[in-house]
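Here, each number is a calculation from the coordinates, and none is a lab measurement. Note that this is a predicted model, so its numbers are computed, not measured. Cβ coordinates were reconstructed from backbone atoms using ideal geometry, including for glycine residues, and neighbour counts include every protein chain displayed.
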Amino acid sequence: MQPTFTIQTRGPGLFDFTGQVERFVSSWDGTDGLLTLFVRHTSCSLLIQENADPDVRADLQSFFRRLAPHANDPSMGWVTHRTEGPDDMPAHIKAAVLPTSLSIPVRDGRLVLGTWQGIYLFEHRDAPQTRQVVGHIG
């Protein structure tokens, strides 16, 4: 089974799509297996992260904005890829250092996530996007 999860973003940030994934896994015919998620884009990432305190997500976003600021920031003068705007190359950098796929065990037809873990698409572009994450379970 290979569903495609569609995530609408509103600009940069972490977008929780755990519920979509849980619904898919609960409809799966098997009980135990491994779920793989893969994002089909080069300027966003996938994360398993805390889902309780929104400060965690805000701090992560602040950290990565400092790690790779917009290309018009003086510290980014070395960037040559600017065709799609000042947020584009920094988005590619963030996607290069963060995962674009995840593997999550499934036991008894449920995701084996920790108590405070959620599945997030981490959007790195400024404009709203429609992102696709492909899943595979077996």
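Helix 18-27 sits at what angle to the longest principal axis of the chain, using alpha carbons and giving 0 to 90 degrees rounded to 10? It works out to around 30 degrees. Tell me the angle of helix 54-67 to the major Cα principal axis of the chain, expressed in degrees between 0 and 90 and rounded to the nearest ten. Its long axis makes an angle of about 40 degrees. Relative contact order, percent, of the chain when contacts are C-alpha pairs under 8 Å separated by at least 6 residues? With pairs under 8 Å counted, the relative contact order is 53 percent.
The three principal axes of the Cα atoms in the range 4-137 give end-to-end lengths of 52, 28, 22 Å, sorted in falling order. A simple spin-label model places pseudo-atoms 7 Å from Cα toward Cβ; at Ser62 and Phe24 they are separated by 3.3 nm.
Taking 0.36 nm per residue of separation and subtracting the current Cα-Cα distance, fully stretching the chain between Val134 and Arg10 would add 42.6 nm. Centre-to-centre, using Cα atoms only, the range 65-83 and the range 1-49 are separated by 29 Å.
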